[in-house]
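Structure, as structure tokens:
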Amino acid sequence: MQALFSQLVAGLSLGSVLLLAALGLALTFGQMGVINMAHGEFMMAGAYTAFVAQGLIADAGTSLLLAIPLGFLVGGVMGVVLEATLIRRMYHRPLDTLLVTWGVSLILQQAARDIFGAPNVEVRAPSWLSGSVNIGVTHVPAARLFILVLAVAAVVGLSLLLKMTALGRRIRGVVQNRDLAETVGISTRSTDRLTFFIGSGLAGIAGVALTLLGSTGPTLGTSYIVDAFLVVVAGGIGQIKGAVIAAFGLGLLQATFEYSTTASVAKVMVFVVVVVFLQIRPQGIFSVRTRSLA
Amino acid sequence: MSVLPTRGRAVRALAALVVAGLTLAGCGSRVGDSGASGSPANSCVDTSGSTVKVGFLNSLSGTMAISEKTVRDSLALAAEQINASGGVLGKKLQVVSEDGASEPTIFAEKATKLISSDCVAAVFGGWTSSSRKAMLPVFEGANSLLFYPVQYEGLEASPNIFYTGATTNQQIVPALDYLKQKGVKSLFLVGSDYVFPRTANKEIKAYAKANGIEVKGEEYAPLGYTDFATIVNKVKSAGAGAVFNTLNGDSNVAFFKEYRNAGLTPTAMPVVSVSIAEEEINGIGLDNVLGQLTAWNYYQTIDSPKNAAFVQAFKAKYGQSRVTSDPMEAAYTSLFLWKAIVEKAKSFKTADVRAAAGGVSYDAPEGTVTVNGENHHIAKTALIGKVGADSLIHTEWSSGAPVEPDPFLKNYDWAKGLTG
């Protein structure tokens, strides 16, 4: 029984990690259709932001909390630069975008290696995030609880932005019908840029959070990028709620399979489940209904 | 056309990812095949001038760069010191550097280049077992020499490779002896899913069976795996006396963070690691590994004049914040061992070097090491260490004298029937 709850927690926690990693991608890939292979490196940039913040502010708790908005800014600015210099030129060429951004991701990894050195760096967890919290039936590591809360906060924040604000309406308008949005006077260029800023910024936040669980090194992003794409594709392109359900679904599946088999086998089984699911429902869990002729 | 994401776009994107992956894999294997089938060529090593070429082949990019760059640094230091003291047989070393890029096929390709186009007298490098296995046919085919500086899973002895890291009976077996001596009755095995951990765990299980130690679980995580919640849950509920950790690289960070967060401590359930050295401790976070055990043949804290000189020279060249670790020391030692063998043989030729190698000793920072002429491994002292509050590893237990290398575990009854 206790093992069951521990695994439930492990699955939800893994789901929240996947969600944080995939949320930004749900915007840039899901909403804008840009295949950005450098998304993982924006996470890495966020993680190094946490490292730099810790160098400036000794208190691990303060620096971590400060690193969250800073990571958002760093990731976002990197995203805007990438969008304005490269991606903008190839909006109708997904394959070219894939190759170019992959190249950018390699360059960013090597840049991190040159700036911060090849070995992993240490980001200390604040004392209130090490150890575990007793929730009656089982113990939950505090860091994982924090990431769960952060992921939920990020989803709520993003949904509110998309639903309640003028910017959100513009983004949704451009996603649903770009031509029509343009005819009613929305500047799709600036909307694209802002969407990319927010999506990349979310990757930065994910990077900050991941320092609590894993290593902070040049290849941090590569460990998450494939899973993040998987979540977005399974969740259904263009939908935040799809990404949420897919992330937690995949997290729970991985934890369940891993408990009964091994980590490697579980990973394969999750892929098989997603492939079979996409055969039955190629549009993912949710899809945007549209009258456009694309 | 609109940029609206559609089903077609998503499918194309995924297809493109798959194609990109397959293309890379395809290129890789082709390169490897051509490298492996290199026909035995006459050596083109030029020893007529005042210099002799040697090749350094380490990953300076890709996932292994984190570890292999440190080895490259200590090789460069050794070359510098050898040249400062007059070179080898009066010839200065001229280093040809290559990047293995963390890809076994590139290692094979670059090894071929170093041997047949740069005409180096010997190559120093390699880290992963897959890189060594990819280079092995190249060196055997061209009858050239490789000095490999990292502990590995044993069960190999190529006439063209000198192994200056530990084989299993100099690292894993002493670690098990230590645990047994400490009264550990059960083990949990955690490793990365590739050749070294799987082979090592086969040996550990055979040892455990023969020594009445129960193996309560065996878990493998894919290389680079970052979520250890489930595996740590399994470790916790199994409640073994100790964990034997053969995880590689970044996975260690995630594992130890999870281990500590789950409330497991080195006093209740110590973890013995065979891939964590001084260099990795800061990346994992000292708090997460404080008090945990490691099995190696060298620690920076070894108290000897030879080691003090090595550490001081290394820090002087690369900065005071740098640390020295076992693979770095083994790489440093490999270059000096080669020099000693060549000077004994009075020749740079592979056949002469091989004939002269047996019994050659070198007073290394780890202590005296001696080449075993039969299997080309070296006798080394085994050390169990504990991670201290100074982020260094301190010797807890020592085998006292150098342990003769036994890569095929011929002298251990429990190891009968084990195969690679």
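The values are calculated or read from the model by the stated rules, or taken from the named source; none is laboratory data. Since the structure is predicted, the reported quantities are computational estimates derived from the model, not experimental observations. Cβ coordinates were reconstructed from backbone atoms using ideal geometry, including for glycine residues, and neighbour counts include every protein chain displayed. Only protein heavy atoms, including side chains, enter the accessible area calculation; ligands, DNA and RNA are left aside. Shrake-Rupley method; radii C 1.70, N 1.55, O 1.52, S 1.80 Å.
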Those residues of the range A:142-164 which are under 17 Å from residue A:12 (Cα atoms) and touching a residue at least 12 places away in the same chain (Cβ under 8 Å) amount to A:142, A:143, A:144, A:145, A:146, A:147, A:148, A:150, A:151, A:152, A:154, A:155
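Here's a check for you: in the range A:3-34, which residue that is within 8 Å of chain B (Cβ to nearest Cβ) and more than 27 Å from residue A:238 (Cβ to Cβ) is surrounded by the fewest Cβ atoms within 10 Å (Cβ to Cβ)?
Filtering the range A:3-34 for residues within 8 Å of chain B (Cβ to nearest Cβ) gives A:3, A:6-7, A:9-10, A:13-14, A:17, A:29-33.
Applying the additional criterion that residues be more than 27 Å from residue A:238 (Cβ to Cβ) yields A:3, A:6-7, A:9-10.
On the way: A:3: 13, A:6: 24, A:7: 21, A:9: 22, A:10: 29.
Restricting to residues being within 8 Å of chain B (Cβ to nearest Cβ) and more than 27 Å from residue A:238 (Cβ to Cβ), the top hit is A:3.
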Of the residues B:324, B:294, only one is outside the structural domain of residue B:240 (by TED's automatic domain parsing) and surrounded by 16 or more Cβ atoms within 10 Å (Cβ to Cβ); which? B:324
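Within the range B:200-215, which residues are out of contact with any Leu (no Cβ under 7 Å at 6 or more places or on another chain) and either within 12 Å of another protein chain (Cβ to nearest Cβ) or part of a strand (DSSP E or B) (or both)?
Residues of the range B:200-215 that are out of contact with any Leu (no Cβ under 7 Å at 6 or more places or on another chain), as a first pass: B:200, B:205, B:209-212, B:214.
B:214 - this is the single residue of the range B:200-215 that is out of contact with any Leu (no Cβ under 7 Å at 6 or more places or on another chain) and either within 12 Å of another protein chain (Cβ to nearest Cβ) or part of a strand (DSSP E or B) (or both).
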Could you tell me how many of the residues in the range A:248-276 are part of a helix (DSSP H, G or I) and either polar (S, T, N, Q) or more than 16 Å from residue A:22 (Cβ to Cβ) (or both)? 18
Matching residues, the range B:235-248, being crowded, with 23+ Cβ neighbours inside 10 Å and either within 12 Å of chain A (Cβ to nearest Cβ) or at pLDDT below 90 (or both): B:235, B:247, B:248
Out of curiosity, is residue A:109 within 14 Å of chain B (Cβ to nearest Cβ), part of a helix (DSSP H, G or I), of a type outside the set (Ser, Thr, Tyr) and touching an Asp or Glu at 6+ places or on another chain (Cβ under 7 Å)? yes
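Among what's in the range A:207-226 and is within 13 Å of another protein chain (Cβ to nearest Cβ) and part of a helix (DSSP H, G or I), pick the residue that is nearest to residue B:62 (Cα to Cα). Walk me through how you get there before you give the answer.
Initial filter on the range A:207-226 (within 13 Å of another protein chain (Cβ to nearest Cβ)): A:207, A:209-226.
With the extra rule that they be part of a helix (DSSP H, G or I), the set shrinks to A:207, A:209-210, A:222-226.
Details: A:207: 20, A:209: 24, A:210: 21, A:222: 11, A:223: 13, A:224: 16, A:225: 16, A:226: 17 Å.
Checking each candidate, the answer is A:222.
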What are the residue pairs meeting all of these: first residue in the range A:89-102, first residue at the interface with chain B (Cβ under 7 Å from one of its Cβ atoms), second residue open to solvent by 60 Å² or more (accessible area, probe 1.4 Å) and part of a helix (DSSP H, G or I), Cβ atoms under 8 Å, and 6 or more apart or on different chains? A:94/B:12; A:95/B:12
Confirm whether residue B:55 is at pLDDT 90 or above and touching a Gly at 6+ places or on another chain (Cβ under 8 Å). yes
Is it true that residue A:245 is assigned to a helix (DSSP H, G or I) and more than 8 Å from chain B (Cβ to nearest Cβ)? yes
Residues being out of contact with any Ser or Thr (no Cβ under 8 Å at 6 or more places or on another chain) and either surrounded by fewer than 16 Cβ atoms within 10 Å (Cβ to Cβ) or under 30 Å from residue B:280 (Cβ atoms) (or both) - total across the range B:348-370: 5
Residue pairs, Cβ under 9 Å, 6 or more apart or interchain, first in the range A:125-136 and closer than 13 Å to residue A:209 by Cα, second of a type in the set (Val, Ile, Thr). List them. A:125/A:211; A:126/A:62
Go over the candidates B:289, B:190, B:274, B:253 one by one and state the one that is closer than 28 Å to residue A:44 by Cα, β-branched (Val, Ile, Thr), surrounded by 20 or more Cβ atoms within 10 Å (Cβ to Cβ) and free of Cβ contacts under 8 Å to residues at least 40 places away in the same chain. B:253
If you check every pair at least six apart or on different chains, which have Cβ atoms under 9 Å apart with a residue in the range B:380-396 that is on the phi > 0 side of the Ramachandran plot first and a residue that is not in a loop (DSSP other than H, G, I, E, B) second? B:391/B:278; B:391/B:281; B:391/B:282; B:391/B:286
Quick one: residue A:204 ticks every box in (1) more than 12 Å from every other protein chain (Cβ to nearest Cβ); (2) farther than 23 Å from residue A:44 by Cβ bar one, so which box is it? (2)
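Looking at B:268, B:340, B:345 in this structure, which one is open to solvent by 10 Å² or more (accessible area, probe 1.4 Å), assigned by TED's automatic domain parsing to the domain that holds residue B:399 and without any contact (Cβ under 8 Å) to a residue 24 or more places away in the chain?
Numbers: B:340 fails: assigned by TED's automatic domain parsing to the domain that holds residue B:399; B:345 fails: assigned by TED's automatic domain parsing to the domain that holds residue B:399.
Result: B:268 is the single residue among B:268, B:340, B:345 that is open to solvent by 10 Å² or more (accessible area, probe 1.4 Å), assigned by TED's automatic domain parsing to the domain that holds residue B:399 and without any contact (Cβ under 8 Å) to a residue 24 or more places away in the chain.
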For the range A:185-192, does any single residue satisfy the condition of being crowded, with 23+ Cβ neighbours inside 10 Å, of a type in the set (Ser, Thr, Tyr) and assigned to a helix (DSSP H, G or I)? no
Residue B:243 passes all but one of the listed conditions (1) among the β-branched types (Val, Ile, Thr); (2) within 25 Å of residue B:399 (Cβ to Cβ); (3) part of a helix (DSSP H, G or I); the exception is number (3)
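Quick one: is residue A:229 open to solvent by less than 40 Å² (accessible area, probe 1.4 Å) and in a helix (DSSP H, G or I)?
On the way: open to solvent by less than 40 Å² (accessible area, probe 1.4 Å): yes; in a helix (DSSP H, G or I): yes.
Against the criterion (open to solvent by less than 40 Å² (accessible area, probe 1.4 Å) and in a helix (DSSP H, G or I)), residue A:229 qualifies.
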For the range A:235-255, give me each residue that is open to solvent by 10 Å² or more (accessible area, probe 1.4 Å) and touching a Phe, Trp or Tyr at 6+ places or on another chain (Cβ under 7 Å). A:239, A:241
Return the pairs, sorted by first residue and then second, in which the second residue is in a loop (DSSP other than H, G, I, E, B) and of a type in the set (S, T, N, Q), the first residue lies in the range B:98-120 and is within 13 Å of residue B:138 (Cβ to Cβ), the beta carbons are less than 7 Å apart, and the residues are 6+ apart or on different chains. B:100/B:59; B:115/B:144
For residues that are among the acidic types (Asp, Glu) and out of contact with any helix residue (DSSP H, G or I) (no Cβ under 8 Å at 6 or more places or on another chain), tally how many sit in the range B:168-225. 1
Tell me, please, whether a residue that is assigned to a helix (DSSP H, G or I), away from chain A (no Cβ under 14 Å) and within 30 Å of residue B:359 (Cβ to Cβ) can be found in the range B:178-190. yes
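Look through the range B:85-102, keep the residues that are open to solvent by less than 40 Å² (accessible area, probe 1.4 Å) and over 25 Å from the mean Cα position of the chain (by Cα), and return whichever of them is farthest from residue B:54 (Cα to Cα).
First, the residues of the range B:85-102 that are open to solvent by less than 40 Å² (accessible area, probe 1.4 Å): B:86-88, B:91, B:93, B:96, B:98, B:100-102.
Applying the additional criterion that residues be over 25 Å from the mean Cα position of the chain (by Cα) yields B:86-88, B:91.
Values: B:86: 16, B:87: 12, B:88: 11, B:91: 11 Å.
Looking at the filtered set, the residue picked out is B:86.
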